[in-house]
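Novice: Handing you a structure now.
The values are calculated or read from the model by the stated rules, or taken from the named source; none is laboratory data. None of these values were measured; they are calculated from a predicted model. Note that each Cβ is placed from the backbone with ideal geometry, even for glycine, and that neighbours are counted across all protein chains shown.
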Amino acid sequence: MPSPEQPDTPALPAGLDLLWGRRDRGKRGPKPGLSPDAIIDAAVRIADAEGLEAVSMARVAKELGFTTMSLYRHVTGKDELLQLMYNASTAGAETITIEGDGWRERLRSWSLIQREVLDRHPWITRMPMASPPVAPNSMLFVERGLATMDDTGLDGNDKLRMLGLIASYTLSDARMANDAVRAAAAATAAGEAGEAAPMWTMEALLRELVDEPTYPRLYRIAWSGDAAVPPDEFAEFLFGLDRILDGIQAYIDQAAAEPRPE
């Protein structure tokens, strides 16, 4: 925390100042029974049940039985609320169990924990990501990820790059999986209303659209399996994750083989 001798230390962005204890909670006269934690919990419940688009200051206030203005005594606005929600989604990062005997098994376990969080809170995949998440729980989770690679010989920056690569892949894959679930739910709802459109698998679309002379490779792929049965999404995620881990192993091997300066 900045000392009185450091007056020029810039203030943290709104949200981070609250999460890192740089701002008094409820400094502007909070109402009894209302707190940042209660607001965050309500917002997460709404997002889990109805999606991120359902979260607003007014909706959270209604959920808690307070006026919207009451929330502003604790949270400056929706952008700050989103930061607080993201931090809450990774609560308990310091106590998670990361399994495995070597770096690869441990890093794979870390990645699966991240995917499980995204599947439990799919609204995270809809959040704006203009800057790296640096809330306390996020940093604890990153710290745990760095620890999985303690025996790799990689320096800290390379470890961060590997975590970023895996996190980006996991977030992207989880978002596509969540989009598919949302699309299926919308199709079901439309079917109940009597206006459902057929659900296409990728293979079925390829069979419908590509011809062998123009797209010979795609054509062979399209007709190599059962177009009515979509691939196992989670198995495909694991396949991609394992290929990334293969690449990290190759990078470690390459770094170990390079001559070190005297």
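Novice: Is there any pair with a first residue in region 242-261 that is not assigned by TED's automatic domain parsing to the domain that holds Asp158 and surrounded by 12 or more Cβ atoms within 10 Å (Cβ to Cβ) and a second that is at pLDDT 85 or above and not aliphatic (A, V, I, L, M) whose Cβ atoms are under 7 Å apart and which are 6 or more apart or on different chains, and what are they?
Specialist: Ile244/Tyr169; Leu245/Arg104; Leu245/Arg108; Gln249/Arg104; Ile252/Thr152; Ile252/Gly153; Ala255/Gly153
Novice: Checking Ile124 against (1) in contact with a helix residue (DSSP H, G or I) (Cβ under 6 Å, 6 or more places away or on another chain); (2) assigned to a loop (DSSP other than H, G, I, E, B); (3) on the phi < 0 side of the Ramachandran plot; (4) modelled with pLDDT of 90 or more: exactly one of these is not met. Which one?
Specialist: (2)
Novice: Do we find a residue being surrounded by 14 or more Cβ atoms within 10 Å (Cβ to Cβ), among the hydrophobic types (A, V, I, L, M, F, W, C) and within 26 Å of Gly15 (Cα to Cα) anywhere in region 176-189?
Specialist: no
Novice: Further question on the same structure: Quick test of your reading of the structure: Glu50 fulfils all but one of (1) more than 19 Å from Gly21 (Cα to Cα); (2) in the same structural domain as Gly21 (by TED's automatic domain parsing); (3) touching a residue at least 24 places away in the same chain (Cβ under 8 Å). Name the failing condition by number.
Specialist: Status for Glu50: all satisfied but (3).
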